[in-house]
Structures are given as structure tokens and as C-alpha cells.
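Here's the structure we're looking at; comments come further down.
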Amino acid sequence: SRSSYLKVAFMDDVTLGGRSPTVVNDVKAIIARGTDFGLSLNIGKCEVICKTGRVIDAELASFLQLTPDTATLLGAPLCAGAAMDACLGTRCDDLARAVGRLKDVAAHDALMLLTNCLSAPKLLHTLRSAHCEGHRLLQRFDDLQRSALCQISNVSLTDEQWLQASLPVRNGGLGIRRVQSLAPSAFLASAAGTRLLQDHVLGQAGIFNDDDYSTSLQSRPYPIPEKAAVTSQRAWDKPVVEAEFSHLLGCYNEPQHRARLLAAAAPHSGDWLHALPIAACGLLLDNEAVRVAVGLRLGSAICETHSCSCGAKVDQQLGLHAFSCKRSTGRIQRHNHINDLICRAITRAGIPATKEPQGLSRDDGKRPDGLTLLPWHSGRCATWDATVVDTLGSAYLQRNAVQAASAAETAAARKETKYSALTQTHLFYPVAFETIGPICSSGLEFLREIGRRLTLATSDPRETTFLIQRLSMVIQRFNAVCLADTFRSTS
């Protein structure tokens with residue numbers, strides 16, 4: 001091409017832009033010169049895009065004739081119109097078809113597929129390439145996502161619960177992003193990242209303003225990210241997510257829901273959502289465990305009001321009492337499983353360890369959960385004691401409604417007091433979890449050190465992540481077991 005102001009080519013794909021006579025001359029030149037290299041145009045794939053939708057020149061008459069609102073480039077519509085409607089409509093139809101088939105897949109697998117493959121990631125290329133903000137089909141896509149989540153997890157969601165589910169996992173959600181909320185951030189990040197290239201290409205044609213970018217920017221009520229982060233979609237999306245989280249927090253006056261929301265947004269609370277559902281590794285939750293885990297995280301009803309086998313009342317909304325019942329066999333099993341995971345991890349790291357060691361009893365005869373048989377640090381062996389406390393238990397509720405992980409920190413401090421005599425001869429690490437997921441700071445430090453030593457032994461830098469994910473899965477799995485225990489007859 002010799003004179004078109006827009007000249008973009010890669011291998012055998014060429015895009016030209018300019019006035020009609022100029023483009024026609026360049027196409028003729030390509031046809032003439034192409035024969036010297038044994039190349040010819042595939043007319044069936046050639047397109048002409050102009051405002052009228054029809055080019056009179058005979059050289060281009062056999063090309064597919066399009067208008068800007070009916071044209072696409074690399075699968076993305078150029079502007080609002082028929083092409084955008086068709087593109088978004090196709091994505092909605094694909095999701096609707098997938099939702100109908102997800103019922104044949106295990107709930108954990110289906111949730112992973114929906115979150116990472118079938119929801120917003122499927123539409124992200126279009127959101128970043130075209131100004132889709134406010135399009136009516138984005139609402140339809142979000143409605144399909146909501147329907148899919150309800151079907152997979154077997155829970156009913158209010159508008160507030162769906163809003164929470166659509167937040168990133170680190171902000172207390174399930175990571176199933178609402179595309180209506182995500183669209184402006186995705187487009188602005190992409191447009192900002194290609195701004196210099198756009199100005200260079202379009203400036204040759206005397207076009208210096210990106211109307212879609214300006215419109216989206218003016219309608220945004222949040223500040224523009226700093227220059228170093230202006231190309232990051234997360235930086236554009238962060239204030240939007242924070243505003244939605246603050247809105248949710250303001251909607252709840254009850255301490256139960258405030259504590260639940262803060263706990264869901266605590267670090268490592270949602271690690272089970274990042275774990276690959278591999279049954280052989282103990283990382284697959286059954287359908288009931290997924291239902292209880294999602295229901296607890298979002299605050300939806302997980303059971304009808306009923307009497308526990310111990311005689312206490314189990315709350316309908318969040319199944320309260322089920323996770324703190326002293327007669328629950330699930331709590332004992334959960335404690336043993338957590339202790340086994342920690343002990344095996346330490347042993348894999350090359351340090352022999354034993355559970356419930358002899359000779360380290362307190363005055364009341366109780367022993368810590370485990371002991372390393374070789375020095376852990378500074379010539380002293382390490383002992384640990386694990387516990388799981390109910391995030392929404394009455395003893396912790398008021399503090400958890402103000403500060404996330406308060407229950408775990410309180411339980412850890414109580415463990416340190418109980419085993420204070422051990423600290424004179426051993427290193428003691430309390431490992432306290434909450435039912436919704438937070439971990440106490442001292443326990444998290446201990447787990448990270450185990451992970452670091454595992455990495456030295458295996459050369460896999462993901463060991464810490466895998467260890468914490470396995471423990472997170474245990475918490476969620478046995479939450480369902482504890483709830484099931486309340487239905488068992490004492491006879």
C-alpha cells in the first residue's frame with residue numbers, strides 16, 4: 001500500500017483505511033504486485049466498510065459490503081448497532097446453552113467452569129474492544145449468570161446476595177463478575193493502553209478524539225488511576241468494587257450479616273474457590289458441601305428451622321448452632337483432618353513430627369495437637385494446636401461485625417494462654433480458623449513457614465498456596481457435615 005493513511009498488515013492480512021479512490025488504487029496495486037509473489041486476493045474474505053454500505057467502484061464491488069454498525073474486526077464490533085447486537089446475542093445464547101448442560105456436571109466442577117470459562121471471561125474480548133457500556137444484552141447475560149449460579153449451588157439469591165457473588169473473591173464474592181459493572185473498566189483500560197497507537201494511526205486522518213473513550217470517561221464517577229496503572233483493568237475496576245462492597249456493608253444492620261460479609265472478604269477466606277476440583281488430591285467438594293459453602297458465604301438460607309439432635313434450635317437463615325454444637329461428630333472429624341494435614345506437611349518438608357505428643361500435657365492433662373521431633377527454630381522444637389470457631393457464634397459476633405477474623409484471633413490468644421507453660425521449652429503456634437474461612441495471624445505465619453520449607457524440599461513455589469487451599473477445603477467440607485449432624489436422630 002502506498003497512499004492510504006491507515007495501513008495495518010500482518011502476514012497475509014491487510015487493513016487499509018482512507019478515501020474511496022485512494023483505497024481502490026491501493027487494492028489495485030496489491031492485486032498487481034501480488035501476482036509477482038504468487039499471491040491473490042481471496043475475494044470471499046474481503047470486506048469494504050463505508051458509511052453508505054456500498055462502494056460503486058467495480059474493483060471493490062465483489063467485496064462484502066458493510067457499514068460501521070454491521071462490521072466486526074477480529075470478532076469485535078466496531079461500534080454500536082447490528083454487529084454489537086449480534087455479537088452479544090451470540091454470547092448470551094452460548095451461555096444459555098451451557099447453563100442447560102451444567103446441571104449434568106458436579107456442582108464444584110460446574111462452579112469452576114462458570115467462574116473461569118463461561119461467564120465474564122467469555123465476553124472480555126468484546127468488552128475491551130468495543131464500547132458496550134449500558135447495552136441491554138449485558139443485563140440478559142448477567143441474568144443468565146445469576147440463574148446458572150442458583151442452579152449449580154441450589155440456593156436462592158436476593159439482589160444483595162447476587163451483588164456480593166459478583167464481587168472478586170478477594171472482596172468477599174465468588175468471582176462471577178457482572179459484565180454490566182465490568183464493561184466500563186475493561187473498555188477504559190484497553191483504550192488507555194492503546195491511546196498512543198490510536199493517536200498515531202488516526203491522527204494521520206485528522207481524527208484526534210475518541211468519542212467512546214471520552215463518553216465513558218465522563219460518565220465515570222471515580223478518579224482516573226495513576227499514570228503507571230492506567231493500563232491496568234484492575235486499577236480501573238478497584239474503586240467500582242470497593243463502592244459495591246461499601247454499599248453491601250451499608251445495607252446490613254444485623255451483626256450476623258456484617259460479620260459474614262467482613263469474614264468473606266478476609267484474606268484466605270475464599271481460597272477454596274481457587275482450588276482445582278481434583279478428587280484424587282482431596283480438593284473436590286460434593287454438591288451439598290458446595291451448597292452450604294456458597295450459602296454461608298452469601299448469607300442465603302441453607303436449611304429450614306429445625307431442632308438439633310441435642311435439642312437446640314437451628315436457625316433457618318444461616319444454620320446457626322450447627323457449626324458450634326458440642327455433640328457434632330463433624331467438629332471432631334474436622335479437627336483431626338486439619339491436624340493430619342499439618343502433620344503430614346511438616347513431615348514432607350523433611351522434619352519428623354508426631355500428633356498429641358506424650359509428656360507435654362497441661363495441668364489438666366490436655367496435650368497440644370502436634371510436635372516436631374527436630375528443632376524448628378533457634379534450637380527449639382515447635383508445637384501447634386488447631387481449632388475452628390464459629391464466625392457467627394454469639395460469643396464472637398459483635399467483634400466480628402467490626403473487624404474480620406476477630407474470632408480467630410481471640411481463639412488463638414486463648415490457646416496461647418492455655419499452653420503458656422510450653423513456651424519456656426518449645427515454640428508454640430496456635431492455628432485458629434473460622435467457619436467462613438479467616439485464619440489467625442500466628443497460624444498463618446506458621447503455615448507459610450511450613451509452605452516455605454516444603455518449597456525447599458520439592459522446588460515447587462506453590463506449596464504454601466496448595467497447603468492453605470487444602471485446609472480451606474476441609475473447613476468448607478466439614479461445615480456441611482456439621483449441618484448434616486443436626487438432622488440425625490439421637491435414638
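Per residue, the solvent-accessible area of the range 37-180 (1.4 Å probe, heavy atoms of protein chains only, all protein chains present) comes to 49 Å². Here the gap between GLN180 and SER62, fully extended at 0.36 nm per residue and compared with their Cα-Cα distance, gives a gain of 38.6 nm. To make sure I understand the rule: partners must be aspartates and glutamates, Cα under 15 Å from the Cα of LYS51, and not fewer than 8 residues away in the same chain. Which ones qualify? Answer for LYS51, where 15 Å is the Cα cut-off: ASP69, listed by chain and number.
Applying both filters, DSSP loop and at most 12 other Cβ atoms within 10 Å, to the GluC sites (Glu not before Pro) of the range 151-260 gives GLU226. Taking every C-alpha pair closer than 8 Å and separated by at least 6 residues, the mean separation divided by the residue count of the range 51-187 gives a relative contact order of 22 percent. Taking a straight Cα-Cα cut-off under 20 Å and skipping sequence neighbours fewer than 8 places away in the same chain, the aspartates and glutamates within cross-link reach of LYS122 are ASP85, ASP93, ASP94, ASP109, GLU133, ASP142, ASP143, ASP237.
Estimated from helical segments only, the mean residue ellipticity of the chain at 222 nm is -15000 deg cm²/dmol, where each DSSP H run of four or more residues counts as -39500 (n - 2.57).
Sorting 80-89, 435-444 by average packing, meaning the other beta carbons within 10 Å per residue, from highest down gives 435-444, 80-89. Each residue of the range 434-451 is assigned a 3J(HN,Hα), and the resulting list reads 10, 5, 8, x, x, 10, 5, 5, 5, x, 5, 4, 5, 5, 5, 5, 4, x Hz, derived from the Karplus form 6.51 cos²θ - 1.76 cosθ + 1.60 (θ = phi - 60°), x at Gly and Pro.
Taking a point 7 Å from the Cα of LEU373 along the Cα-to-Cβ direction, none of the residues of the range 446-487 has its backbone N closer than 16 Å to it.
Below 8 Å, C-alpha to C-alpha, sequence gap of six or more: please give me the relative contact order for the range 378-491 in percent.
Computed over the range 378-491, the figure is 23 percent.
Excluding same-chain residues fewer than 8 positions from LYS313, which aspartates and glutamates have a Cα within less than 20 Å of its Cα? Cross-link targets: GLU254, GLU304, ASP390, ASP485. Here the 3J(HN,Hα) profile of the range 313-322, calculated from phi with Karplus coefficients 6.51, -1.76 and 1.60 at θ = phi - 60°, is 8, 9, 5, 5, 5, 10, x, 4, 5, 4 Hz, Gly and Pro shown as x.
Placing a pseudo-label 7 Å from each Cα along the Cα-to-Cβ vector at GLU242 and GLN403 gives an inter-label distance of 2.1 nm. Among the protein heavy atoms of the chain, carbon and sulfur supply 53% of the accessible surface, probe 1.4 Å, non-protein parts ignored. Counting only DSSP beta bridges with both residues in the chain, the antiparallel share comes to about 60 percent. Take the chain and mark each of the trypsin sites (Lys or Arg not before Pro) that is in a DSSP loop with at most 16 other Cβ atoms within 10 Å; the longest unmarked stretch, sites excluded, is 104-325.
Label-to-label distance, SER147 versus ARG380, with points set 7 angstrom from Cα along the beta-carbon direction: 6.1 nm.
The values are calculated or read from the model by the stated rules, or taken from the named source; none is laboratory data. Just so it is clear, the structure is predicted and the values come from calculations on it, not from any experiment. Neighbour counts are summed over all protein chains in view; Cβ atoms, including those assigned to glycine, are modelled from backbone coordinates with ideal geometry. We work out accessible area using only protein heavy atoms, side chains counted, and drop any ligands, DNA or RNA first. Shrake-Rupley method; radii C 1.70, N 1.55, O 1.52, S 1.80 Å.
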